[in-house]
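Each remark here refers to the structure printed beneath this line.
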Amino acid sequence: MPRYSIITPVYDPPEDVLRACLDSVAKQTLTDWEHCLVDDASTQPHVARVLEEYATKDRRFRVLRRPANGGIIAASQDALGLATGEFVALLDHDDLLTKDALAQVDLV
């Protein structure tokens, strides 16, 4: 079974929105995934705290913090550098996946 690398650049989303995004990945029925998240030097302190919380409880959440804001392209490139999967999916920090999203792609 292939691994799916989900790439997400993160910059100052509201806490509830960020948690909803991360929870939608954590609840995937297909379990061979990694969520590569790059905090693009967010100014809101909850961002680093939430990302660290998820990375601590599930090693499939891989987090990197950029020292300076580089924009969505730089953050996405850095997240892609963390990826080890055979397939890559892009997910914005305010998007949600249905619980079977990766399983549906895996059927194709």
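The values are calculated or read from the model by the stated rules, or taken from the named source; none is laboratory data. This one's a predicted model, so the numbers in the text were calculated from it and none came from an experiment. Cβ atoms come from the backbone with ideal geometry, glycine included; neighbour counts cover every protein chain shown. What goes into the accessible areas is simple: the full protein's heavy atoms, side chains included, and nothing from ligands, DNA or RNA. Shrake-Rupley method; radii C 1.70, N 1.55, O 1.52, S 1.80 Å.
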Looking for whichever is loosely packed, with under 14 Cβ neighbours inside 10 Å and hydrophobic (A, V, I, L, M, F, W, C) here; the options are A68, A79, A89. Which one fits? A68
In the list D94, D32, which residue meets the criterion of being open to solvent by less than 80 Å² (accessible area, probe 1.4 Å) and not polar (S, T, N, Q)? D32
When you scan the stretch 1-29, how many residues do you find that are farther than 22 Å from I72 by Cβ, open to solvent by less than 50 Å² (accessible area, probe 1.4 Å) and modelled with pLDDT of 95 or more? 2
Out of (1) in contact (Cβ under 8 Å) with a residue 24 or more places away in the chain; (2) open to solvent by 30 Å² or more (accessible area, probe 1.4 Å), what's the single condition that is false for R49? (1)
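Going by the conditions given, is V25 among the hydrophobic types (A, V, I, L, M, F, W, C) and in contact with an Asp or Glu (Cβ under 6 Å, 6 or more places away or on another chain)?
Working: among the hydrophobic types (A, V, I, L, M, F, W, C): yes; in contact with an Asp or Glu (Cβ under 6 Å, 6 or more places away or on another chain): no.
No, not satisfied.
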